[in-house]
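Colleague: Pasting in a structure now, in structure tokens, and then I'll have a few things to ask.
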Amino acid sequence: MDPNFQRLHQAIAAATAGLTPAQLAVKTNDKWSIAEILEHLYLTYTPTTKAFQRCVDQNHSLASPRTLKDVLQTFVVVGLGHLPEGRTAPERTRPQGMPTQNLVPLILSEIAAMDTAANACRTVLGPRTRVIDHPILGALTVDQWSKFHWVHGRHHVKQILARRAALK
């Protein structure tokens, strides 16, 4: 497994280990519950997996040309590993109330599926090809996508751990 996807998988599994569906659903202070955070992550992983697979099926990149702004934002997030605070999640990645009982296994399974699709995409198009666009960062390579998902996931794992601590 790609090292970033492996770290992501391990971090989410550890942060959610032993939590019940009821604990996942607890909301405090108008912030997303753990379940809603997981759903948000899931809603970012599934389109990435599908887009990687589209690149493989069509045997070409789906990426757009990059702008200077894309390059700078990618450097901050992917290069420096810093996810700036205060950005609102795109509408399509906002939680809509997925059932909590199978959410953790579902998200861990989706990380594995994303890794499989990423490996296929990397093999078909090469490691340096910008394959698909991120809605904010622009066109990224497969390796940049895996690093983005690690940085984004790590940000949310910290939130999960804070909410978990508040349950006690």
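Colleague: Indicate the gyration tensor shape class of the chain (rounded, prolate or oblate), computed on the Cα atoms with a ≥ b ≥ c the square roots of the eigenvalues: a/c under 1.5 is rounded; otherwise a/b larger than b/c is prolate and the rest oblate.
Modeller: Note, shape of the chain comes out prolate.
Colleague: How high is the relative contact order of the range 3-166? Use alpha-carbon pairs under 8 Å, at least six apart in sequence, and give a whole percent.
Modeller: RCO, the range 3-166: 40 percent.
Colleague: Further question: What's the angle, to the nearest 10 degrees (0 to 90), between helix 34-58's Cα axis and the longest principal axis of the chain?
Modeller: Here the helix axis deviates by roughly 20 degrees.
Colleague: Contact order normalised by length for the range 25-117, with contacts defined as Cα pairs under 8 Å and 6 or more residues apart; what percent is it?
Modeller: Rounded, it is 52 percent for the range 25-117.
Colleague: Return the Cα extents of the range 32-116 along principal axes one, two and three, sorted largest first, each rounded to a whole Å.
Modeller: If we take the Cα atoms of the range 32-116, the spans are 42, 36, 22 Å.
Colleague: Under a 10 Å cutoff between Cα atoms, tell me which one of 21, 47, 65 has the largest fluctuation in the Gaussian network model of the chain.
Modeller: Most flexible of the set in this elastic network: 65.
Colleague: Here's something else I'd like to know. Kindly express, to the nearest 10 degrees and within the range 0 to 90, the angle between helix 3-16's C-alpha long axis and the longest C-alpha principal axis of the chain.
Modeller: Tilt of helix 3-16: around 10 degrees.
Colleague: Comparing 120, 25, 89, which has the greatest mean-square fluctuation in the GNM of the chain with Cα pairs linked when under 10 Å apart?
Modeller: 89
Colleague: Which residue, chosen from 95, 142, 114, occupies the Cα position most advanced towards the positive end of the dipole of the range 37-168, where the dipole is computed from +1 (Lys, Arg) and -1 (Asp, Glu) charges on Cβ about the Cα centre?
Modeller: Of the listed residues, the answer is 95.
Colleague: Further question on the same structure: Looking at this model, which pairs from 69/158; 147/168; 27/50 are more than 29 angstrom apart at the alpha-carbon?
Modeller: Pairs exceeding 29 Å: 147/168; 27/50.
Colleague: Now for a separate question. Can you list residues whose amide H is under 5 Å from residue 134's amide H, if they're 5+ apart or on another chain and H is modeled 1.01 Å from N?
Modeller: 139, 140
Colleague: Okay, moving on. Let a ≥ b ≥ c be the square roots of the eigenvalues of the Cα gyration tensor of the range 77-122; is it rounded (a/c under 1.5), or, if not, prolate (a/b larger than b/c) or oblate?
Modeller: Taking the square roots of the gyration eigenvalues as a ≥ b ≥ c, the range 77-122 is oblate.
Colleague: In whole Hz, what ³J(HN,Hα) sequence does the range 140-146 give by Karplus (6.51, -1.76, 1.60; θ = phi - 60°), x for Gly and Pro?
Modeller: 10, 6, 4, 5, 5, 4, 5
Colleague: Hey, what angle do you get for helix 103-125 against the long axis of the chain, alpha-carbon based, 0 to 90 degrees rounded to 10?
Modeller: 10 degrees
Colleague: Residue 104: net charge of surrounding residues, Cβ under 12 Å, Lys/Arg +1, Asp/Glu -1, itself excluded?
Modeller: So the environment of residue 104 carries a net charge of -2.
Colleague: Spelling out what I want: for every residue of the range 25-32, take phi, set θ = phi - 60°, compute 6.51 cos²θ - 1.76 cosθ + 1.60 (Karplus), and round to whole Hz; glycine and proline get x.
Modeller: Per-residue couplings from phi come out as 8, 5, 10, 9, 6, 6, 9, 4 Hz.
The numbers here are math on the coordinates, done by the rules we state, and not lab data. The structure displayed is predicted, hence computed values, not measured ones. Neighbour counts run over all protein chains shown; Cβ positions are idealised from the backbone, glycine included.
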